[in-house]
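Read the structure below first, then the notes.
The values are calculated or read from the model by the stated rules, or taken from the named source; none is laboratory data. Everything numeric in this text was worked out from a predicted model, so none of it was measured. Glycine also receives a Cβ, built like all others from the backbone with ideal geometry; neighbour counts cover every protein chain displayed.
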Amino acid sequence: MQAVADLAGVHRTTVSLVLRHHPRISAATRTRVLEAVDKLGYRMNPMISALMQAHRRMRPLTNASKIAWITAWPTRYGWRPPENTIPDFMPGAVTRAAELGYTIDHFWLAETGMTSRRMSDILYARNITGIILGRLPPGLSRIELQWDKFTSVSIGVSLESPRISHVAENHFHSCKLAMQTCRARGYQRIGLTLPHRLYERVQEKFLGAFLVEQSRLPKLQQIPPMITEIPHERTFRDWMKRYSPEVVICPNVTVVLGWMNALGLKVPEDVGVAGLAVERKDGAHAGIWCDPAIIGSLAVELVASALQRNERGLPAHEQEILYRPDWIEGRTIPPPR
């Protein structure tokens with residue numbers, strides 16, 4: 001370290017800051033130090049890096065060790081059960097953050113009197129530079145914080161602007177797995193129902209996987225998906241009568257079960273139902289289980305690694321971490337024979 005400092009004509013502390021990508025170092029100084037590093041053949045020792053990270057975990061927590069969990073739903077806790085059916089990713093994030101030496105504080109962007117600028121100022125004043133942006137409510141796809149001050153990661157794909165690194169369920173894999181499992185159970189006529197807002201929100205990945213798998217079926221077994229602006233029992237009834245699917249893949253099993261009951265259809269005796277987002281592992285519903293604890297944990301790991309590199313601002317190349325969910329058995333699909 002001292003040899004690099006001597007060659008570059010700077011203090012060894014400056015060398016350390018450059019190697020940790022600290023934003024306060026000027027571009028000219030950074031270039032001079034990196035040229036000296038290259039000339040001397042200096043390389044970061046991964047064992048030393050791991051040791052330093054372990055040391056950070058043992059230090060008393062400060063605001064610099066806090067990560068902001070920001071939500072923007074109309075109510076403070078509208079983003080998690082019992083106010084919402086989408087899973088709660090925060091507990092998994094809190095657990096993983098503690099393991100890495102961080103704590104997580106919740107901040108509500110829709111609070112009375114709160115603005116994006118004020119939120120940015122509050123976080124900056126408290127020396128909180130790490131942000132995890134939770135899933136956004138329907139109709140909201142843009143958040144305007146002072147992104148250059150923060151290391152930011154979002155959960156899901158609901159944030160369209162700005163583009164920041166994010167962690168999400170692999171929606172293409174989810175629907176593909178549901179289709180393949182239904183085919184393996186002997187179903188031939190497989191239907192898909194989606195509300196249009198979800199179809200767009202997951203970037204058509206559910207539909208893409210469905211159509212890919214459906215293309216492998218004989219033409220007579222291919223059923224047009226039911227994609228509607230507003231899901232309605234009447235539309236579902238007409239679609240069922242016209243195409244007679246043997247199993248229905250859907251994002252909300254509870255809603256479809258209600259429609260089935262209104263039509264006098266028994267599940268799974270008459271028609272099977274597979275969920276694309278099963279809410280609980282209690283054996284009631286069969287389908288795709290996306291563990292929210294894993295999503296939350298991955299988000300923390302992504303933002304923590306960027307914090308340790310002192311990366312700030314919008315990424316030149318956003319990262320996307322996709323978690324591949326699993327199929328779980330439930331009473332809406334007969335078990336394998």
Index of the failed condition, V267 passing every other in (1) in a loop (DSSP other than H, G, I, E, B); (2) at pLDDT below 95; (3) in contact with a helix residue (DSSP H, G or I) (Cβ under 7 Å, 6 or more places away or on another chain)
(2)
In the stretch 238-259, what residues are out of contact with any Lys or Arg (no Cβ under 9 Å at 6 or more places or on another chain) and aromatic (F, W, Y)?
W239
Might you let me know whether the stretch 261-273 holds any residue that is among the aliphatic types (A, V, I, L, M) and under 30 Å from G92 (Cβ atoms)?
yes
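Yes or no, residue by residue, for (1) modelled with pLDDT of 95 or more; (2) in contact with a Cys (Cβ under 6 Å, 6 or more places away or on another chain); (3) outside any loop (DSSP other than H, G, I, E, B); (4) over 22 Å from A184 (Cβ atoms):
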position: L257; (1), (2), (3), (4): yes, no, yes, yes
position: E279; (1), (2), (3), (4): no, no, no, yes
position: D282; (1), (2), (3), (4): no, no, no, yes
position: I294; (1), (2), (3), (4): yes, no, yes, yes
position: S297; (1), (2), (3), (4): yes, no, yes, yes
position: V303; (1), (2), (3), (4): yes, no, yes, yes
position: G330; (1), (2), (3), (4): yes, no, no, no
position: I333; (1), (2), (3), (4): yes, no, no, no
Hey, can you tell me all the residues within the stretch 95-106 that are surrounded by 19 or more Cβ atoms within 10 Å (Cβ to Cβ) and within 16 Å of T71 (Cα to Cα)?
I104
Just the residues that are surrounded by 18 or more Cβ atoms within 10 Å (Cβ to Cβ) and in contact with a helix residue (DSSP H, G or I) (Cβ under 9 Å, 6 or more places away or on another chain), please, taken from the stretch 109-132.
L109, S120, L123, I128, T129, G130, I131, I132
Residue check for R56: under 34 Å from the mean Cα position of the chain (by Cα), modelled with pLDDT under 60 and surrounded by 12 or more Cβ atoms within 10 Å (Cβ to Cβ)
yes
Which of the residues spanning the stretch 134-193 are assigned by TED's automatic domain parsing to the domain that holds G92, out of contact with any Asp or Glu (no Cβ under 9 Å at 6 or more places or on another chain) and basic (K, R)?
R135, K149
State which residue is surrounded by the fewest Cβ atoms within 10 Å (Cβ to Cβ) when the search covers only the stretch 183-204 and only residues that are under 14 Å from I223 (Cα atoms) and not basic (K, R).
Q188
Find the strands (runs of 3 or more DSSP E) located wholly in the stretch 149-234 whose residues include 3 or more that are touching a helix residue (DSSP H, G or I) at 6+ places or on another chain (Cβ under 7 Å) and more than 30 Å from G264 (Cβ to Cβ), and list them.
151-155
Got a sec? Which of T235, T151, T228 is touching a Ser or Thr at 6+ places or on another chain (Cβ under 7 Å) and crowded, with 23+ Cβ neighbours inside 10 Å?
T151
Is the stretch 95-118 home to any residue that is outside any loop (DSSP other than H, G, I, E, B), touching a His at 6+ places or on another chain (Cβ under 8 Å) and either over 17 Å from T151 (Cα atoms) or not aliphatic (A, V, I, L, M) (or both)?
no
Selection status of G275, modelled with pLDDT of 95 or more and buried (at least 21 other Cβ atoms within 10 Å of the Cβ)
yes
Answer yes or no as to whether R135 is within 16 Å of the chain's Cα centre (by Cα), crowded, with 16+ Cβ neighbours inside 10 Å and not in a helix (DSSP H, G or I).
yes
Enumeration of residues in the stretch 82-109 that are modelled with pLDDT under 95, more than 19 Å from A306 (Cβ to Cβ) and over 17 Å from the mean Cα position of the chain (by Cα)
P82, E83
